[in-house]
Amino acid sequence: MSFRDLGLSDDVIHGVQSMGYLDPTPIQLRAFPVVLSGKDIIGSAQTGTGKTAAFALPILTLLKKHGAMRCLVLEPTRELAAQVETAFRDYARFSDLTVGVVYGGVGFGNQKQLFKKGVDILVATPGRLIDLIEQGCASLGSIEVLVLDEVDRMLDMGFLPQVRKIVERCPKQRQTLFFSATLPPEIERLTKWILKPEAEVIEIGARRSPAETVTHALYPVARDQKFDLLAALLEKTNYDSVLIFCRTKFGADKIAAKLKEQKHSVAVLHSNRTQRERIEALEGFKSGKYEVMVATDIAARGIDVQGVSHVINYDVPQHPEDYVHRIGRTGRAQNVGDAFTLFTGEDVDHVRGIEHFIAQKIPRIKLDGFPYLYTVLFEEGKAPARRSAGRRRR
């Protein structure tokens, strides 16, 4: 089926086609008719499956024309909020619907002006929206569609009390679209309070498994050779853009500095960067100004960059869920991607936890031609050698 077969408005279809999208993804095929019918949704889908468009396109179709603020989308981080606002703007480019975003870390001035001018769709982080409501700048009395996105992430960040406050200020007669990768008890209680009993459940793909478009592997290495192996992987891999994850902000800065010494064009993204620095890093990475971005887990769910060909975990993530979200930054929108994880003896327990979580053994690979120091990890199943993937692109 094409986008034209799914009940979307002509303006929305025009916007989608102008972005080069040809066929709807599985979650879009299932979500469009439910959203257009006015029903509530509990949705779960792997990262990179087109979830934002799954709710944005039918919402734009339902709103039709410019009017009051009728749609509120809550996101856990400012990066996600900015990303979703951009998506709505792109999809709505041939309509007169207006989109705005509010999040913390910046001044209130422009955000207050946003409400004075009026906006149809507001994308917000919970904390900043509560601040604006309490200052008398924002009212949610005309909300017709409420979207709660990445709710498990909001739980992790301690936002659920603020989410409850916001929901209480929205009209009871509304449509609610609820998206969460997992449903722990706290979130299940929230769904029963927020959603109508007849809410539709839409689940695409196994919640615990990496996207099928991603090929992922572990690279055993002695601790003292981790950076040397990273440099060799970058040298021998044919990539378009690489997202490298580090466990700490200090580690991210250190790795980025060493890669710059080797003449890589590198951006850095973590919570100590100012909002201006974050935006510059993301925009530069998206545009190709930077071929490599080094980040902490703030970027694991917080960015959407099409065309990331490779993800490298310089540090093994400590939480299995983060492994799935990190490597899901590549292989998005039905493209293919590769994910490498550097793996030292100290990481054995975390790797076992990841493999148990995703219910599969991750291949161990040795980079052909790399002058390895011995590590006992090489005795684990005798990691196979891998040929060079060719010279990297310049």
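Every number here is computed from the coordinates shown, using simple stated rules; none is lab data. Everything numeric in this text was worked out from a predicted model, so none of it was measured. A quick note on method: Cβ atoms are made from the backbone with ideal geometry, for glycine too, and the neighbour counts reach across all protein chains shown.
Put one equal scatterer on each alpha carbon of the stretch 13-56, apply the Debye formula with no solvent term, and list log10 I(q)/I(0) at q = 0.13, 0.23, 0.27 1/Å to two decimals.
Each listed q corresponds, in turn, to -0.28, -0.83, -1.05.
Between the stretch 1-78 and the stretch 156-207, how far is it from one alpha carbon centroid to the other, in angstrom?
Using only Cα atoms, the two centres lie 18 Å from each other.
Calculate log10 I(q)/I(0) of the stretch 66-136 for q = 0.15, 0.17, 0.18, 0.19 Å⁻¹, where I(q) comes from the Debye formula with a single equal point scatterer on each Cα and nothing for solvent.
Calculated log10 I(q)/I(0) at the listed q: -0.44, -0.57, -0.64, -0.72.
Who wins for biggest fluctuation among Ser287, Ser44, Ser309 in a Gaussian network model of the chain, springs between alpha carbons below 10 Å?
Result for the chain, Cα springs under 10 Å: Ser287 fluctuates most.
I'd like the FRET efficiency for His356 and Asp96, computed as 1/(1 + (r/R0)^6) with the beta carbon distance as r and R0 of 51 Å, rounded to 0.05. Write out the running numbers ahead of the final one.
Values: r = 51 Å, r/R0 = 1.01.
Once the sixth-power term is evaluated, E becomes 0.50.
Between (1) 140; (2) 242; (3) 193, which matches volume of the Cα convex hull per residue in Å³ calculated for the structure shown?
It is the one labelled (1).
Taking the chain as a Gaussian network, Cα atoms linked when under 10 Å apart, which of Asp368, Asp315, Asp338 shows the biggest mean-square fluctuation?
Asp368
Please compute one quarter of the surface area of the Cα convex hull for the stretch 3-204 and express it in square nanometres. Provide the component values of the computation, followed by the final result.
Numbers: hull surface 41.4 nm².
The orientation-averaged projected area of the Cα hull of the stretch 3-204 comes to 10.3 nm².
Say a paramagnetic label sat at a point 7 Å from the Cα of Ser2, along Cα to Cβ; which residues of the stretch 53-82 have their backbone N under 19 Å from it?
Residues 57-58 qualify, since their backbone N sits under 19 Å from the label point.
What longest region of the chain stays clear of GluC sites (Glu not before Pro) that DSSP places outside H, G, I, E and B and that have at most 15 other Cβ atoms within 10 Å?
Answer from the scan: 1-197.
Find the eigenvalues of the gyration tensor of the Cα atoms of the stretch 214-386, then list the square roots of 5 times those eigenvalues as equivalent ellipsoid semi-axes, largest first, in whole angstrom.
Values for the stretch 214-386, descending: 25, 18, 15 Å.
Pick out which of Tyr323, Tyr314, Tyr374 has the largest mean-square fluctuation in a Gaussian network model of the chain, springs linking Cα atoms closer than 10 Å.
Comparing Tyr323, Tyr314, Tyr374 in a Gaussian network model of the chain, the most mobile one is Tyr374.
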